[in-house]
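Colleague: Dropping a structure here in C-alpha cells format, bear with me for questions.
The values are calculated or read from the model by the stated rules, or taken from the named source; none is laboratory data. Remember, predicted model here, so these are calculated numbers, not experimental data. Every residue, glycine among them, receives a Cβ derived from its backbone with ideal geometry; neighbour counts consider all protein chains shown. Only protein heavy atoms, including side chains, enter the accessible area calculation; ligands, DNA and RNA are left aside. Shrake-Rupley method; radii C 1.70, N 1.55, O 1.52, S 1.80 Å.
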Amino acid sequence: MKKVAIIGVGHGKFGVRSDASLRELAFEAIKTCLDDAGLSLKEVDGMVTGIAGDEFSFSLQPSAQIHDYIGFQPKPNFRVEGACATGSVALRTGWMSIASGLADIMLVVGVEKMTEVPTPVATEIMGRGGDAMWEYPFGTTFPGYYAMIANAHMAEFGTTEEQMAMVAVKNHYYGSLNPFAHMQKEVTLDKALSSFMVAYPLKLFDCSLITDGAAAIILASEEKAKSICKKPVWIVGLGFATDTMRISEREKLTSIQATREAAKIAYKMAGVGPRDIDIATVHDCFTIAEIIAYEDLGFCEKGEGGKLIESKETYIGGSIPVNVDGGLKAKGHPLGATGISMAIEITKQLRGEAGPRQVKDPEIGLTHNVGGTGQVVAVHIFRRE
Amino acid sequence: MEFKDFSLGISQTKVFRFVEELSAGNIVATICKKCGQKYYPPRSDCCKCMESQMEWIPISVEGNLFTFTKIYIPPKHFAPIQPLMPFSNIQFDPCAIGILEVEDKLRIMGWIPKVELKKIKIGMRMKASPIRLQDGRITIILEPLNP
C-alpha cells in the first residue's frame, strides 16, 4: 500500500466568529496550511471538504463556496459528511485519493459555521442528528443522548458526576494554553459541578461548545512528502466503523461499539496496540464520552475510565495524555473541522511544535472522532519518521 | 391521524399504520414473515434477510427501564413559550424521557411524566402506553408498575 503523509497543517481561530462567513473561515485555515507546507495551490491536485450540516450554512452545496473563494477551479473538490466525525471522514477520503494513485497532493479542509442560527435552532438541528423519525418526537437533543449513556455508565460502573467534571477541569486547563481554543480559561471542579443542568446528569461544563471554525491539512504521497517536507507525519492506521441509528438498539450503552471496531482495525493496520500510543485526541463532545473513549480505545479496562481521570493519568506526564489541546470541551466543536483539528494537534505534537502543551518526545499519536452517538467512528494512528 | 401527529417532521412512510395503532391504544411492531425478526420501531423492510414481507404484531409493553434522562435545554419544538408577563415566576419543568426494554433488545422510548427524577432508576419496572395530547398529537408515556 502507498504511504501517505501530512506535510502541512493550518488551524483557524475557533470561537463565536461573528466576524467571518463559512468561506472566510475556510480561507484562514487553508492559507495557514499552505504556508506551513511551503506550497501554493497550483501544486495541489485535489481537495476534499468536510462540512457536517448544510442547515447551518444556508446552502445546499457549501463546499463549492470554498473552492470558489480560494480560486481552486477547475480542479476537483467535493464534500463528505459523517456528522461530528466529518473531519476525519474528509481526512480518510484525502488519504484514499493519494493511496489510490489518483492524486499526489491533496488539500483537506474541515469547516463549520454554527453560531449564525440561534441556539434553540442549533440544538434542534443537532437533536435531529439522532433519529428524526423515532427519537426526536421525544424532545431528544445531543446532550440528551449522552445523558442516557452517562446514566447507564454510572449505574453499571459507579462512575460519578465528580469524575466527569474532572474531564472538564483537565480539558479547560489545556484549553487555556491553546491560542486557537474557543474558551481559554480554566474552570474549578466546584464551578463545573455547580453549573446548570443541561440534561440530567450532564451539566453545562460537561458539554462541548457550539463553535465556528476551520482547520486544514495537506497530504502527500511518499515521494512528494520526502522531497518537500522536513518533518512528515505518516498516517499509518485508519479504522472506520458504524453502528445502529438509535441508541435503543445497541447491545449496551456503556460502550461505543463502533469505537471498539474502528480501533481494532486501526491498531492492526498500524501494527501497534493501545500501550504504544504516546498522545491521543479523543471525542469529548461530552465528558462521559471521553471516559468511555479511554475504555473503548484500550487505555484502561472497561469501567475504569472514571478512575483513570481521577488519577490524572490522562494529563501530560501521565500514562496516556489525552486532549491536551483542550478537546472539543474547551477548544470547541465546529463539526466539520473537529476531526482535522484533532489530526493537526497530533501532527504538531509529533513534530515537537506544541509549545507549552508539548508531550515529551512522542512518536505515535491517535485520533478518535465519533459521529453522532457512535453511528460512525473514525480512529486514525499517526507516526513520525 | 397522520404520521406527523407522532413524528413532528416526517409524514411520508410505509409504516404509517404505527400511528393509527397508537391512536387505537396499541403499541405495535413489525415482524419479518420470512425470518421472524421483530422490529421496534417498526420497519417495512427486513435488514436481516433483505425481504419486505412484514406483518404487524402487538408487543409486550411492560419491562425494565434501560436508561433515562431529563432534558432541561430542549430543542425548538419543545422549548417553552416565553410568558407575556415580564415578572412571571413560571418555571420551566421539563418531562423526563426513558427507554423501556420490553422484550430482548426490543425497546420503547417514551416520556416519564409521573415520576420525580430522583425516583427514576435504571432497571425499574414500567409500562408503556400511547397517549393523546390536548393538541391532537399522539405520543407514548412510561409509568411505573407496582411501586
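Colleague: Add +1 for every Lys or Arg and -1 for every Asp or Glu among the other residues with Cβ under 12 Å from the Cβ of A:Val121, and state the total.
Modeller: So the environment of A:Val121 carries a net charge of -1.
Colleague: May I pose another question? If a paramagnetic tag sat 7 Å from the Cα of A:Tyr315 along the Cα-Cβ line, which residues of region A:175-219 would have the backbone N under 18 Å from that point?
Modeller: Inside the label zone: A:175-178, A:185-193.
Colleague: Also, I was wondering about something else. Between A:Lys268 and B:Met1, what is the spin-label point distance in nm, taking each point 7 Å from the Cα along the Cα→C-beta axis?
Modeller: Here the answer is 4.7 nm between the modelled labels.
Colleague: Out of all DSSP beta bridges in chain A, what portion is antiparallel? Express it as a percent rounded to 5.
Modeller: On the way: 38 of 52 bridges.
Antiparallel bridges make up about 75 percent of those DSSP assigns within chain A.
Colleague: Divide by every residue of chain B the summed helix terms, -39500 (n - 2.57) for each DSSP H run of at least 4, and state the resulting mean residue ellipticity at 222 nm, rounded to the nearest 500 deg cm²/dmol. List each step's numbers first, then the result.
Modeller: Numbers: 2 runs with 11 residues, N = 147.
Here the helix-only value at 222 nm equals -1500 deg cm²/dmol.
Colleague: Quick one: among A:Asp278, A:Asp361, A:Asp19, which has the greatest mean-square fluctuation in a GNM of chain A with alpha-carbon springs under 10 angstrom?
Modeller: A:Asp19
Colleague: Sticking with this structure for a sec: Over the Cα atoms of chain A, each weighted equally, I'd like the Debye log10 I(q)/I(0) at q = 0.13 Å⁻¹, rounded to two decimals.
Modeller: Scattering profile of chain A, log10 relative to I(0): -0.98.
Colleague: Another question about this same structure. So how do A:His172, A:His67 rank on accessible area, 1.4 Å probe, biggest first, that is with the largest at the start? Walk me through the intermediate numbers first.
Modeller: Numbers: A:His172 0, A:His67 45 Å².
The residues order as A:His67, A:His172, largest area first.
Colleague: From other protein chains only, count the Cβ atoms within 10 Å of every residue's Cβ in A:118-129, then give the mean.
Modeller: Details: counts 1, 3, 7, 3, 2, 7, 7, 2, 1, 6, 6, 0.
For this peptide, the per-residue mean of nearby foreign Cβ atoms is 4.
Colleague: What 222 nm value per residue comes from the helices of chain A, counting each DSSP H run with n ≥ 4 as -39,500 (n - 2.57) and dividing by all residues, nearest 500 deg cm²/dmol?
Modeller: Working: 14 runs with 146 residues, N = 385.
That calculation yields -11500 deg cm²/dmol at 222 nm.
Colleague: I've got another one for you. In peptide A:256-266, what is the residue-averaged number of other protein chain Cβ atoms found within 10 Å of each Cβ? All intermediate terms of the calculation are to be shown ahead of the outcome.
Modeller: Working: counts 0, 0, 0, 0, 0, 0, 0, 0, 0, 0, 0.
That works out to 0 on average.
Colleague: With a cut-off of 20 Å, note down the residues of region B:27-47 whose backbone N falls inside the zone around a label point 7 Å from the Cα of A:Thr242 toward its beta carbon.
Modeller: Residues B:39-47 qualify, since their backbone N sits under 20 Å from the label point.
Colleague: Hey, can you grab everything whose amide H is under 5 Å from the amide H of A:His333? Only 5+ residues off in sequence or another chain; H modelled, so Pro and N-termini drop out.
Modeller: The answer is A:Leu209, A:Thr211.
Colleague: While we're here: Helix A:161-175 versus the longest principal axis of chain A: what is the Cα-based angle in degrees, 0 to 90, to the nearest 10?
Modeller: 30
Colleague: Let me ask something else about it. Are any of the pairs A:Lys2/A:Lys42; B:Lys38/B:Lys118; A:Lys31/A:Lys170 more than 25 Å apart by Cα-Cα distance, and if so, which? Working shown, then result.
Modeller: Values: A:Lys2/A:Lys42 23 Å; B:Lys38/B:Lys118 34 Å; A:Lys31/A:Lys170 31 Å.
Pairs exceeding the cut-off: B:Lys38/B:Lys118; A:Lys31/A:Lys170.
Colleague: Could you calculate the contour length gain from B:Leu145 to B:Lys14, that is, 0.36 nm times the residue separation minus the distance between their Cα atoms, to one decimal place in nm? The partial results should precede the final answer.
Modeller: Numbers: separation 131, 0.36 × 131 = 47.16 nm, distance 3.33 nm.
Separation in residues times 0.36 nm, less the Cα-Cα distance, equals 43.8 nm.
Colleague: Tell me the angle of helix A:257-270 to the major Cα principal axis of chain A, expressed in degrees between 0 and 90 and rounded to the nearest ten.
Modeller: Long axis of A:257-270 versus the principal axis of chain A: about 40 degrees.
Colleague: Taking beta carbons within 10 Å but only from partner chains, what does the mean come to for residues A:145-155? Could you put the intermediate results ahead of the total?
Modeller: On the way: counts 3, 1, 7, 10, 2, 2, 9, 5, 1, 1, 5.
Mean shielding by partner chains, rounded to a whole number: 4.
Colleague: Exposed loop sites here are trypsin sites (Lys or Arg not before Pro) in DSSP loop states with at most 16 other C-beta atoms within 10 Å. What is the longest stretch of chain A lacking them? Write out the running numbers ahead of the final one.
Modeller: Numbers: sites that count: A:Lys2, A:Lys3, A:Lys185, A:Lys230, A:Lys252, A:Lys302, A:Lys312, A:Lys360.
That would be A:4-184.
Colleague: Averaging the inverse of every distinct alpha carbon separation and then flipping it gives the Kirkwood radius. What is it for region B:61-147, in angstrom units? Mind dumping the intermediate values first?
Modeller: On the way: mean 1/r = 0.0701 Å⁻¹.
Kirkwood radius, region B:61-147: 14.3 Å.
Colleague: Given R₀ = 25 Å, FRET efficiency for A:Glu162-A:Asp276 by Cβ-Cβ distance, to 0.05? All intermediate terms of the calculation are to be shown ahead of the outcome.
Modeller: Working: r = 31 Å, r/R0 = 1.23.
Efficiency for this residue pair is about 0.20.
Colleague: Relative to the longest principal axis of the C-alpha atoms of chain A, give the angle of the C-alpha long axis of helix A:335-351, reported between 0 and 90° and rounded to the nearest 10°.
Modeller: 70
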